[in-house]
1. Would you work out which of Phe226, Tyr257, Ser239 lies farthest towards the positive end of the dipole of the stretch 183-258, given +1 charges on the beta-carbon of Lys and Arg and -1 on that of Asp and Glu, about the Cα centre?
2. When the chain is fully extended, how far beyond the present Cα-Cα distance does Ala169 get from Arg116, taking 0.36 nm per residue of separation?
3. With a Cα-only, solvent-free Debye model of the stretch 42-145, what are the log10 I(q)/I(0) values at q = 0.15, 0.23 Å⁻¹?
4. If the cut-off is a Cα-Cα distance under 20 Å, which lysines reach Lys268, setting aside same-chain residues fewer than 8 apart in sequence?
5. Considering only DSSP states other than H, G, I, E and B, which trypsin sites (Lys or Arg not before Pro) in the stretch 181-224 qualify as loop sites with at most 13 other Cβ atoms within 10 Å?
6. Taking the alpha-carbon distance from Lys178 and a cut-off under 22 Å, which lysines remain once sequence neighbours fewer than 8 residues away in the same chain are dropped?
7. I'm checking a number: the convex hull volume of the Cα atoms of the stretch 91-179, normalised per residue, in Å³. What is it?
8. Keeping all protein chains in position, work out how much accessible area Arg45 exposes to a 1.4 Å probe, and write it in Å² to the nearest 10.
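The values are calculated or read from the model by the stated rules, or taken from the named source; none is laboratory data. As the structure is a prediction and not an experimental result, all values here were calculated from the model. Don't worry about glycine lacking a Cβ; one is built from the backbone with ideal geometry, like all the others, and counts go over all protein chains shown. Keep in mind that these areas ignore ligands, DNA and RNA; they rest on the heavy atoms of the full protein, side chains included. Shrake-Rupley method; radii C 1.70, N 1.55, O 1.52, S 1.80 Å.
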Amino acid sequence: MGIGRRLLLRASRSAFLARQLRDRRFFRGAVKRFMPGEELEDALRAAAEFGQAGIGTVLTELGEQVTNRGEAEAVREHYLGVLDQIRQRGLPAEVSVKLSHLGLDIDPAWCLANVRALAARAAERGGFLWVDMEESWYVDRTLALYRQVRAERSNVGVAMQAYLRRTPADVAALLPLKPAIRLVKGAYNEPAGVAFPRKADTDAQYFALAEQLLDAAKAGGTRAVFGTHDLPLIRRIRSRAVDLRVPSDRFEIHMLYGIKAREQRALKSDGAKVSILVSYGRAWFAWYMRRLAERPANIWFVLRNLF
């Protein structure tokens, strides 16, 4: 991992830096590239625009690791309202949540109840709920909670991170459940013993996992989603799907708002099933640092403008 990326990932967890930098003009202007705005209405408007182009969206309010029940309750109520808005507006949109945003660090059983409430509302509204994956120390608790909710409902999926050394075993254990899995590379600052430090190793594991998910999707029941902007990797996955005779509607490509927008639409035009992750909210500092760390060409530009 390069020094610039490492610094940005460490900065993403600094409350001091967040307080110092959030209101700087440079940051507030630069973050607009990656999100349509801070308000839910901004995200819903973007979802409508993508929908007109035949592209789906996954909406997520920025925030994580809340420390009191009041915050987590507000997050739960917010997402219940989001699911209502999606249905009322007829948007081809889903919702993705972080468990630490819903109180996992406060009370796991209560967090489970919050997720169950969201999954139930999503089912009532004909929607879908994604559970995002956070740092490695959350993986066991996240998967345990996901298993409980998945045993009750089919309209819930989980993100898995290809750079974690443990992920092949975790995916293999999930597949009998016929899960929905959104495979991403991973964007947190993890020790080498936990996550691959080299991009080449992450890419190799990602593709191997993608093959397994394509096989499972072909057999039926498993929803395979590939969250990446790595165009060569996307081409390899789509080519492998052809080799395996997996119909193009059996797997999806998810990408982030504001990154490779032209390529997103080109993939849709070429027959791929594409959705865009649209983030919004005011707690964008940690998320923005991780987005920058994913794009090495931007790192030194940002560091030059920090102070």
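1. Final value for the positive-end residue is Ser239.
2. On the way: separation 53, 0.36 × 53 = 19.08 nm, distance 2.57 nm.
16.5 nm is the gain from fully extending Ala169 to Arg116.
3. Rounded to two decimals, the profile gives -0.60, -1.19.
4. Here the lysines satisfying the reach criterion relative to Lys268 are Lys260.
5. On the way: sites: Arg182, Lys185, Arg198, Lys199, Lys218, Arg223; in loops: Lys185, Arg198.
Filter output for the stretch 181-224: Arg198.
6. Lys98, Lys218, Lys273
7. Numbers: hull volume 8.4 nm³, N = 89.
Residue-normalised Cα hull volume stands at 95 Å³.
8. 120 Å²
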